[in-house]
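*Asks:* Structure provided below as structure tokens; questions to follow.
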Amino acid sequence: MDQRIASEKAFHEVTLAEKTRSPAYGFYDIVDSARAAYRAEVTRLCTPGCAMLECGVGTACFAIPLAAKAGEVTGIDISEVAVQSSIDAANEMGITNARFLEMNAEDLQFPDDSFDMICGRSIVHHLILDRAYGEAARVLKPTGSAVFYEPLGHNSLINAYRNRTPDLRTPDEHPLLMRDIARAKQYFSKVECRYFCLCSLAALPFRRFPGFRLVATILNGFDRVLLAAFPPLRRYSWIVLMTLSEPIKDNA
């Protein structure tokens with residue numbers, strides 16, 4: 001295990017076990033629309049009987065609720081805490097078609113063309129992109145797709161907060177830039193993106209006040225219109241939802 005991966009593993013073992021990132025969770029209250037879009041896209045692509053891989057299961061594995069629909073569910077994480085948490089959750093729910101493994105998403109220990117669908121939340125920006133995209137393309141079947149929910153790195157206000165709170169993240173993580181998204185086109189013929197949370201950032205100072213949810217919902221609706229009408233503004237969003245299809249096997 002190289003030093004970078006060892007550092008990432010150690011950080012996540014502590015944050016997941018001790019919940020040291022809890023102070024930042026309140027800021028995620030405005031991303032409900034992005035989370036809902038991710039859940040809907042993964043559910044759509046999880047066809048009956050499919051083989052599904054979730055990268056970076058954390059302590060809230062999303063693949064588990066889809067196990068009844070999928071033929072086989074596999075979840076991976078570099079954190080032993082995350083893997084054991086998912087095993088315990090699956091056992092508690094009586095799920096028998098799921099396995100959870102300690103594994104690095106840059107070096108997937110699966111044969112080529114193993115999965116119909118791959119998903120992951122806030123995982124790609126921790127990885128070396130060529131390795132991550134290449135491995136995802138390799139283990140996907142030719143008709144498969146990958147869905148990733150990731151933070152973006154162009155918004156100066158968000159970056160200022162990140163710079164002020166270095167203890168909440170690892171030194172090697174890198175919120176995605178537009179060129180990082182474009183790089184996926186070397187490994188997938190079809191790259192579709194949706195962007196979330198630009199104007200809705202203005203709701204954050206009011207998250208402890210009555211009416212916050214209503215304000216956030218209105219601003220999320222405004223974001224949908226604004227980001228559709230003015231594509232150059234998309235880079236300043238907080239979240240991108242990427243659906244990657246038609247893997248290019250020659251580059252994997």
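The values are calculated or read from the model by the stated rules, or taken from the named source; none is laboratory data. Fair warning: this is a prediction, and the values are worked out from it, not measured in the lab. Neighbour counts are summed over all protein chains in view; Cβ atoms, including those assigned to glycine, are modelled from backbone coordinates with ideal geometry.
*Asks:* Out of F222, F206, F230, F212, I need the residue that is more than 21 Å from the chain's Cα centre (by Cα), farther than 30 Å from C50 by Cβ and in contact (Cβ under 8 Å) with a residue 60 or more places away in the chain. Which one?
*Replies:* F212
*Asks:* Here's another thing I want to ask about it. From A82, A17, which residue is in contact with a His (Cβ under 8 Å, 6 or more places away or on another chain) and not acidic (D, E)?
*Replies:* Residue meeting the stated conditions: A82.
*Asks:* So which residues in segment 187-201 are surrounded by fewer than 14 Cβ atoms within 10 Å (Cβ to Cβ) and either of a type outside the set (S, T, Y) or in contact (Cβ under 8 Å) with a residue 60 or more places away in the chain (or both), if there are any at all?
*Replies:* Answer for segment 187-201, where residues must be surrounded by fewer than 14 Cβ atoms within 10 Å (Cβ to Cβ) and either of a type outside the set (S, T, Y) or in contact (Cβ under 8 Å) with a residue 60 or more places away in the chain (or both): K190, E192.
*Asks:* To continue, here is another question. Could you say which residue among L101, L108, L140, L66 is touching an Asp or Glu at 6+ places or on another chain (Cβ under 6 Å) and more than 22 Å from R169 (Cβ to Cβ)?
*Replies:* So the residue among L101, L108, L140, L66 that is touching an Asp or Glu at 6+ places or on another chain (Cβ under 6 Å) and more than 22 Å from R169 (Cβ to Cβ) is L108.
*Asks:* Among the residues that make up segment 236-250, is at least one of them within 25 Å of L127 (Cβ to Cβ), small (G, A, S) and in a helix (DSSP H, G or I)?
*Replies:* So far as segment 236-250 goes, no, none of its residues is within 25 Å of L127 (Cβ to Cβ), small (G, A, S) and in a helix (DSSP H, G or I).
*Asks:* Being closer than 14 Å to I158 by Cβ, crowded, with 21+ Cβ neighbours inside 10 Å and not hydroxyl-bearing (S, T, Y) is the filter here; which residues of segment 235-245 pass it?
*Replies:* W238, I239, V240
*Asks:* Another question about this same structure. Looking at this structure, is T15 out of contact with any helix residue (DSSP H, G or I) (no Cβ under 6 Å at 6 or more places or on another chain), surrounded by 14 or more Cβ atoms within 10 Å (Cβ to Cβ), of a type in the set (S, T, N, Q) and modelled with pLDDT under 95?
*Replies:* Criteria met by T15.
*Asks:* Filter segment 71-99 down to residues that are assigned to a helix (DSSP H, G or I) and of a type outside the set (A, V, I, L, M, F, W, C) and give me whichever is nearest to A51 (Cα to Cα).
*Replies:* S86
*Asks:* Among the listed residues C55, C61, C46, identify the single one that is surrounded by 20 or more Cβ atoms within 10 Å (Cβ to Cβ) and at pLDDT below 90.
*Replies:* C61
Quick grid of which residues meet (1) in a helix (DSSP H, G or I); (2) surrounded by fewer than 15 Cβ atoms within 10 Å (Cβ to Cβ):
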site: A146; (1), (2): no, no
site: I158; (1), (2): yes, no
site: T170; (1), (2): no, no
site: H174; (1), (2): no, no
site: A182; (1), (2): yes, yes
site: P205; (1), (2): yes, yes
site: F222; (1), (2): yes, yes
site: P232; (1), (2): yes, yes
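*Asks:* When segment 57-70 is examined, which residues are found to be at negative phi and in a loop (DSSP other than H, G, I, E, B)?
*Replies:* V57, T59, A60, C61, F62, A63, A67, A68, K69, A70, listed by residue number.
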